[in-house]
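Q: Sending over a structure as structure tokens; questions will come in a sec.
The values are calculated or read from the model by the stated rules, or taken from the named source; none is laboratory data. Fair warning: this is a prediction, and the values are worked out from it, not measured in the lab. Counting neighbours? That spans all protein chains shown, and the Cβs are built from the backbone with ideal geometry, glycine included.
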Amino acid sequence: MTASIIDGKAIAQELRARIKAEVASFRATGRAPGLAVVLVGSDPASAVYVRAKARQTVEAGMLSFEHSLPADVDQEALLRLIGLLNADPAVDGILVQLPLPSHIDATAVLSTVDPTKDVDGFHPVNAGRLATGDPAALEPCTPLGCVHLLKSVEADLSGAHSVVLGRSNIVGKPLAQMLLRENCTVTIAHSRTRDIAQICRTADIVIAATGRAAMVRGDWIKPGALVIDVGINRVATGDKSALVGDVAFEEARERAAAITPVPGGVGPMTIAYLLHNTLKAAGRRSGLPST
Ligand code: GUN
């Protein structure tokens, strides 16, 4: 079997077009939704993501507020900025780009963001709401994008065995909660899991979020499985470099029914859901019916 390719770029574009139309109606209330993005330091990959977020925010008709702080900023100054953004009525969403420098306590920073503006869904209140099935949650963007891509191939995921590779707070853990909500049987596997390849072979759905280039080999994939690759790894190829996922794509596509490419799979969905969450937060803060 040769897998069909799940075109995250096109699906994200469609989602952004819908959001843009909803933003246009929101603006009839007299203001535009606003997203503040905070970047600490000058990590090149983070700077690229932050620029892409700002551009797409503006393209959707929203306001983008960008805050760049030096890598050696002290934690108190960062917390003060977040306090100002929490209090600013023009700001509906706040995103602090991760990773943060090691002298900053990321848990303390993420817990300072107002949960109603937490468009990353990383605040413990939102993580708890997701885990308990409370619809008031703002939910993490990358896992939302993964579920959307899966449902573009198979509308009903009920009963599917989903193996999530990776247990991060950003992807693995929230994604497992969302797949449970879709009535999947969920296994979370990680760097200490025994017989990880064997577990993977039992999966109807494999989602790789390990950060290890091409870790998932073709013979880990059950014929006909759906494969979502969250990884974005820069690897050297001779004197150049290339982006590769956590899945050995050419091998896996020979066995999967459908697979996401890297780039052009999950990546564009993350930003589309950031815009979705910002509009949702703005609607709630303005007392509009929930979307
Ligand atoms: N770094 C990598 N992924 C993410 C994300 O989804 N949100 C934030 N804030 N930082 C990230």
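Q: Please go through (1) among the hydrophobic types (A, V, I, L, M, F, W, C); (2) surrounded by 12 or more Cβ atoms within 10 Å (Cβ to Cβ); (3) within 16 Å of the ligand (Cβ to nearest atom) for V48 and return the number of the only condition it doesn't satisfy.
A: (2)
Q: With D120, D134 as the choices, which residue is part of a loop (DSSP other than H, G, I, E, B) and buried (at least 17 other Cβ atoms within 10 Å of the Cβ)?
A: D120
Q: Could you say whether any residue in the stretch 6-19 is farther than 24 Å from I232 by Cα and at pLDDT below 95?
A: no
Q: From the list A60, A32, A36, A24, which one is among the small types (G, A, S), farther than 25 Å from R234 by Cβ, surrounded by fewer than 14 Cβ atoms within 10 Å (Cβ to Cβ) and at pLDDT 95 or above?
A: A24
Q: Another one. Among T202, T210, T187, which is crowded, with 19+ Cβ neighbours inside 10 Å, hydroxyl-bearing (S, T, Y) and either out of contact with any helix residue (DSSP H, G or I) (no Cβ under 9 Å at 6 or more places or on another chain) or touching a residue at least 12 places away in the same chain (Cβ under 8 Å) (or both)?
A: Of T202, T210, T187, the one residue that is crowded, with 19+ Cβ neighbours inside 10 Å, hydroxyl-bearing (S, T, Y) and either out of contact with any helix residue (DSSP H, G or I) (no Cβ under 9 Å at 6 or more places or on another chain) or touching a residue at least 12 places away in the same chain (Cβ under 8 Å) (or both) is T210.
Q: Are there strands (runs of 3 or more DSSP E) fully within the stretch 201-263 with at least 1 residues that are over 17 Å from V153 (Cβ atoms)? List them.
A: 233-237, 240-244
Q: If you don't mind, another one. What are the pairs, 6+ residues apart or on separate chains, where a residue within the stretch 106-123 that is closer than 15 Å to I170 by Cβ and touching a residue at least 12 places away in the same chain (Cβ under 8 Å) has its Cβ under 6 Å from a residue that is part of a loop (DSSP other than H, G, I, E, B) and of a type in the set (F, W, Y)?
A: Sorted first by the residue in the stretch 106-123, then by its partner, the pairs are L110/F122.
Q: Then there's this: Pull up the stretch 229-278, narrow it to residues that are among the hydroxyl-bearing types (S, T, Y) and without any contact (Cβ under 8 Å) to a residue 24 or more places away in the chain, then point me to the one that is farthest from G121 (Cα to Cα).
A: Applying the filter and picking the extreme gives T237.
A quick yes/no check of all residues on (1) away from the ligand (no atom under 16 Å from the Cβ); (2) hydrophobic (A, V, I, L, M, F, W, C):
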| position | (1), (2) |
| --- | --- |
| T29 | yes, no |
| L39 | no, yes |
| D43 | no, no |
| T57 | no, no |
| L84 | yes, yes |
| P89 | yes, no |
| I94 | no, yes |
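Q: Of the conditions (1) more than 19 Å from R31 (Cβ to Cβ); (2) within 13 Å of the ligand (Cβ to nearest atom); (3) of a type outside the set (D, E, K, R), T107 fails just one. Which one is it?
A: Status for T107: all satisfied but (2).
Q: Answer yes or no: is there a residue in the stretch 71-94 that is under 21 Å from C141 (Cβ atoms), buried (at least 20 other Cβ atoms within 10 Å of the Cβ) and not hydrophobic (A, V, I, L, M, F, W, C).
A: yes
Q: If you don't mind, another one. Which of (1) within 16 Å of the ligand (Cβ to nearest atom); (2) of a type in the set (K, R); (3) out of contact with any Ser or Thr (no Cβ under 8 Å at 6 or more places or on another chain) does R234 not meet, given it meets every other one?
A: (3)
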